[in-house]
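The block underneath contains the structure these notes are about, expressed in structure tokens.
All of the numbers you see were taken from the coordinates with simple rules; none came from a lab. None of these values were measured; they are calculated from a predicted model. Heads up, the Cβs are rebuilt from the backbone with ideal geometry, glycines too, and the neighbour counts pull from every protein chain shown.
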Amino acid sequence: MKPLDPDLLTQARPARGYVILTAALGFITSGFILAQALLIAAVLAPVVSQGAGLSDVRTPLIALACVVVARATLAGAQTRFAHRAAVKVIITLREQILNHVLQLGPRWLSAPTESGTRASDTHTLVTRGLDDLRPYFVNYLPQLLLTATVTPVALAVVFGLDLTSGLIIFFTLPLVPIFMILVGTLTQNSSQRRLVVMSRLGAQVLDLLAGLGTLRAFGREIGPAARVKKLGDAYTASTMRTLRVAFLSGMVLELLTTLSVALVAVAMGLRLVYGNVGLEAALAVIVLAPEVYLPLRQVGQHFHASTNGIAAWQAAKNILDLPVPPAGTAMPPNLASTRIVVTDLTVVSTERGLAAPDNLSVTAAPGTITALRGASGSGKTTTVLALLGLLTPTSGDVTLVQGEKSYPLSQLDTTALWKDTVWLSQRAALPPASIAEILNVAQHSPERLTQAFSASGLDAVIADLPNGLNTTVGHGGLGLSVGQRQRVQLAQAFLSDAQLVILDEPTAHLDAGTESTVIATIRSLADSGRTVIVIAHRTSLLNVADTIADVTSRPHTQVNA
Amino acid sequence: MKRHNDLRRALRLLDISAFDVIKAVTAGVLALGSAIALGAVSAWLIARASQMPPVMMLSVATVGVRAFGVSRGLFRYLERLASHVVALKGMAALRTNLYDRLSRGNITAVARITRGDLVARVGSDVDAVGDVIVKAFIPALVAVVLSAASLLVVGLLYPPAALTLLFCMLLAGVLAPWLAQKAGRESEQQTAQARADISSLSHDLLTTPGPIVVSGAAPTMMTALEGHEQDLYRATDRNARLEGLSTAIFVFALVSSALLAALVAIPATAAGTLNPVTLTVVVLMPLAVFEIHQGLPAAALQLHTSSTAASRIMALLDAADENLNHDAVDPISQTGTRHLEAHNLTVGWPQKPVLSKVNVSVSPGETLAIVGPSGSGKSTLLMTLAGLIPPHFGTVTLDGGRIGPANQHDLAQHVAFIAEDAHVFDTTIFENLRAARGNLTHDEAYDALRQAGLSQWVEALPDGLETLLGPDGTTISGGERRRLLIARALCSSASILLLDEPAEHLDPHTADTLISDLMNSAANDKKRALVIATHRLTPIHSADTIIMLSQGRIDLTGTHDDLLLQSPTYQNALAAEGTIVQ
């Protein structure tokens, strides 16, 4: 893990600007820190050694007052820009991740993982995970950059003031990382072992508490109380054993940096006695010496912020680095005169150990209804995804055939294909807008609207809504039931002029009366020349289909060559 | 203010020992005190050495400087350990107290909260309350002690310099942390809406990407997202100004402390009333003092975070402390046919009745299915029948005696409720089954697993009943988990089992098979009554009684055959589920 990944700077432009700005501010700050030390020495030395008064040191005092204001302003600006840059980087990365996963497609997102699905993992990353970048940018990164600016500049000045002190610092400085790495390596094995024990005990306590509702329902809640206490005590003891080792490297850091400062002071004092060094230089060195080590100590203090932030960036990078399957560029033929031919389509999900669909062949022609039927999990929705070019089949083809000419789907520009497609999906959420906006009512004639509303049963839904067509639905709006939502989507499909109509269980949540109207409308869509594909369970819908394809699945075990 | 009060109440549950706190604060004072002493003694050493005294005169100072150089790191290590001991012991005590009070308190408090919420309370919220010790209280106490000590030392050397130091301390130790806390709190409040919008929009994009790209809605949604991001940015930026101001004030106080000390002390030295060596100490020592205030802005923010967490914990405990109405229940008879009956029942959460005029009755040997869409009150009804929540109106009786939260513990032997999100413990299969009944034998366990359709599964496992299930049953499939919960219910001694959505989150085919298996096994077992709440009609056709809920009422009651003949609503609802293709 790099403390600052150059890829982060190329990926998120605001990060680059921020790093440059912080480095620049760091350089200026280091200048002021030097000035501060030299000015304090210049104020004190004449007073201590020559009995000078306030008016004799007026110039360095005024200069010091300027440094106070300048350092405060710089530090304030640094913090402000840090928060700003952090939120900009988070926003940029979130947008890039969302855009990228949309291109990776639904199949990638729906794959299961240890903690849910890739979609839920990505959601956690773009909402909570990326927030870890904030402490990284605000607390850790500036200090990291200061070790590259303040530390060397201050060290150079100490050398200039006094060679011995410079040498002490020069040789103790590298000891800090060396000892920290040494302690880290020596304790790594035992701390990992302890961490495992610790997290296991922690999980057991939470497990008992999480099961309290279940225990009480059986009237069995009294016994485990003693166990909660015992596990809690064991967890405390095991965590303390871990911390005793984990805090060692922090101690080494503190010990080396403070001791070095003390050694510099003692060496200075002893040489002053013999007049080997001047008071002003000595004062400047003892003010400056802690500043050399300060950024290093701060980096150690904010180490946690760095690991979480770097982990968040790594997770983002892992997604952004995934190659997007190449998109086709050829224009699709006019769908009104094109058959969609599926040949031996198989899609393997290694995560589920299933080939679904397995060897499916079906043709959907304009002017007909093609029904896909099969048990849940057999691959009906996956077939639709393949038809729309949203996933690459494991084997088999989807081809668009116009007359004698064949167009493999993989070579076509799917965006153009989608423009002539309307797809009613089981899971789609409504956008946050009014029903009128979702259905684009301004674009359609009143007659067509009335017809679509009655054909989908939406008229009854609208009559019940407080604001009718102007009711806002979706997130932040009125919650619609599944059945009501489905009618909105049906109306949307019926109002569309798209040639390819794909309906996933269009009558699933409808009463018998509405169902027959909807089925009649679907039939008339096909009769008017549209290419209709439905996923259907119910016989009433299957009865009006021209073609019925049975979608089946097969267990698939990975064969390693 | 209520939140700070909640934090105080929560802290009392940590059972903190004063001795442990004193140990941690002492170590902290010695650690940062060493740093201050190092600064002061170094300044004295340099100034005194410049007067070229005999080296002997400096030996105490040189030893002191070296000693402080070592002691700081050492005591800091001890302080970190000591403060973590306080926090960890406190968190363990808080968890024990939580378990204790939630297990003895009003059952409704536990029944009302989802398992995910409970885990958040006892997990991250308890951690946040414990963090206040390490990140806020101990640093603040150390800062107070050392601020006073530094003021005292400087005051003894030259009183006016103590005044300038006090001024700078108020800036760095009070104003800067206050501003930082204000910025953090306001930023949290002002970005909450934007964060929620971003979360729900990205959730839609991530869970239904296909329909979104095909319908061409992706660009519109990304634009909407950009709008919320702008809100987030503006609010963050507004508060970043305050954060910047807080940092600026801190740095100002730090550097100006030396300048102000020089301004007030130099005239005294020039006038001969202040020793030049003391002057050097008075001017340079403040530079080392402000490290004690550095952590205070973060401490102030932690106080805010911890208070919020404490409020959530105390709300849960307050609910558990609500009095049980012992007058509303009768003693549970030792003998009886175990006939459960609800009369003119209104159920719901406080102030929110969802279902009224409910009359049901069930005896061992019978099956009752309660169906209705989600939100129709199925779970609430089952919980009321199990005595987990009190009815709004009407009574539930077992063998004629009234039941409710006040006698739920005794009732649980006879009437058991199995929640949809019931917990699978991170232990063996056998121990999970034993959660229902302590004296369960291996044979009885195998029998229950067989009835739940898991005998082949458990026999195929190398460790059989002793197989470890992993945290929250994540090592088993959704179907196995559901069946295991059913097996556990069957292990209970209760003669009436109330199962809430036992097949939730399974695909329709698997769900229907599971529920019909359960109905069949119940039909063969004359000693038990089974009450199942479900939203699917297909698998429950064999139930003795089916109750359909709609619009806050019982819509229909009868057997499958009656309802199919008489009720068009039932016919449509059944048809709407479709024929599952086998």
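Dipole orientation for the range B:2-322: of the candidates B:ALA172, B:LEU157, B:VAL251, B:LEU157 has the Cα lying most toward the positive pole (charges on Cβ; Lys, Arg +1; Asp, Glu -1). Panel order for A:PHE171, B:PHE252, by other beta carbons found within 10 Å of each beta carbon, from fewest to most: A:PHE171, B:PHE252.
Filter A:LYS229/B:LYS23; B:LYS352/B:LYS527; A:LYS230/B:LYS526 down to the pairs with a C-alpha to C-alpha distance above 31 Å, please. From the list (A:LYS229/B:LYS23; B:LYS352/B:LYS527; A:LYS230/B:LYS526), the Cα-Cα distance tops 31 Å for B:LYS352/B:LYS527; A:LYS230/B:LYS526.
Short to long, the 10 Å bins of the Cα pair-distance histogram for the range A:335-560 hold 8, 31, 33, 21, 6, 1, 0 percent of all pairs. Packing-based ranking of B:353-363, B:87-97 yields B:87-97, B:353-363, ordered from highest to lowest mean Cβ neighbour count within 10 Å. Expressed per residue, the C-alpha convex hull volume of chain A stands at 272 Å³. In this structure, the amide hydrogen of A:SER434, modeled 1.01 Å from its nitrogen in the peptide plane, lies closer than 5 angstrom to those of A:VAL473, counting only residues at least 5 positions away or on a different chain. In order along the range B:6-19, the phi-based Karplus estimate (6.51 cos²θ - 1.76 cosθ + 1.60, θ = phi - 60°) of 3J(HN,Hα) comes to 4, 5, 4, 5, 5, 5, 5, 6, 7, 6, 6, 8, 4, 4 Hz; Gly and Pro are listed as x.
Counting charges near A:ALA77 (Lys, Arg +1; Asp, Glu -1) among other residues having Cβ under 14 Å from its Cβ returns a value of +2. Just need log10 I(q)/I(0) for the protein assembly as shown at q = 0.06, 0.07, 0.08, 0.10 Å⁻¹, Debye formula, equal scatterers on the alpha-carbon atoms, no solvent, rounded to two decimals. Log10 of I(q)/I(0), two decimals: -0.64, -0.83, -1.00, -1.31. Against chain B, whose longest principal axis is taken from its Cα atoms, helix B:176-207 shows a tilt of about 30°. Could you give the DSSP H helices of chain A that reach 24 angstrom or more along their long axis (alpha carbon positions) and whose average Kyte-Doolittle hydropathy is no lower than -1.0? Correct list, ordered by number: A:13-50, A:58-104, A:141-161, A:175-210, A:224-246, A:248-273, A:279-301, A:303-320.
Could you grab the relative contact order for the range A:335-560? Cα pairs under 8 Å, six or more apart, rounded to a whole percent.
Answer for the range A:335-560 is 35 percent.
Relative contact order, percent, of the range A:170-301 when contacts are C-alpha pairs under 8 Å separated by at least 6 residues?
33 percent
Across the range B:36-41, rounded Karplus estimates of 3J(HN,Hα) from the backbone phi angles (6.51 cos²θ - 1.76 cosθ + 1.60, θ = phi - 60°) give 5, 4, 4, x, 5, 5 Hz, Gly and Pro being marked x.
Computed over the range B:1-101, the Cα gyration tensor eigenvalues convert (square root of 5λ each) into semi-axes of 45, 13, 8 Å, ordered from largest to smallest.
Sorting A:269-277, A:81-89 by their mean Cβ neighbour count within 10 Å, with the most densely packed peptide first, gives A:81-89, A:269-277. The value obtained for chain B, namely the Cα convex hull volume divided by the number of residues, is 224 Å³ per residue. Per-residue Cβ neighbour counts within 10 Å put B:ASP117, B:ASP6, A:ASP397 in the sequence B:ASP117, A:ASP397, B:ASP6, beginning with the fewest.
With the simple model of a label 7 Å out from the Cα in the direction of the Cβ, A:ALA77 to A:ALA416 spans 5.3 nm.
Specify the angular offset, from 0 to 90 degrees and rounded to the nearest 10, of the alpha carbon long axis of helix B:59-104 from the longest principal axis of the alpha carbons in chain B. Result, in degrees: 20.
The string of couplings for the range B:542-551 from the Karplus curve (6.51, -1.76, 1.60, θ = phi - 60°) is 8, 5, 5, 9, 10, 10, 9, 9, 7, 6 Hz, one whole number per residue in order, with x for Gly and Pro. The angle between the Cα long axis of helix B:508-524 and the longest principal axis of the Cα atoms of chain B comes to about 60 degrees, rounded to the nearest 10. Normalising the average separation of contacting C-alpha pairs (under 8 angstrom, six or more residues apart) by the number of residues puts the relative contact order of the range B:2-322 at 34 percent.
From the Kirkwood radius over Cα pairs of the range B:2-322, Stokes-Einstein at 20 °C and 1.002 mPa s returns a whole-number translational diffusion coefficient of 92 µm²/s.
Residue exposure proxy: A:TYR235, A:TYR407, A:TYR136, ordered by other Cβ atoms within 10 angstrom of their Cβ from fewest to most, comes out as A:TYR407, A:TYR235, A:TYR136. Taking every residue in A:64-77 and counting other chain Cβ atoms within 10 Å of its Cβ, the average works out to 6. For labels at B:SER516 and A:ASP7 in the simple 7 Å Cα→Cβ model, what's the distance in nm? Roughly 5.2 nm, to one decimal.
Neighbours of B:PRO390 by Cβ distance under 12 Å: Lys/Arg scored +1, Asp/Glu scored -1, total 0. Distant-in-sequence amide contacts of B:PHE393, defined by a placed amide H-H separation under 5 Å and a gap of 5 or more residues or a different chain, comprise B:THR346.
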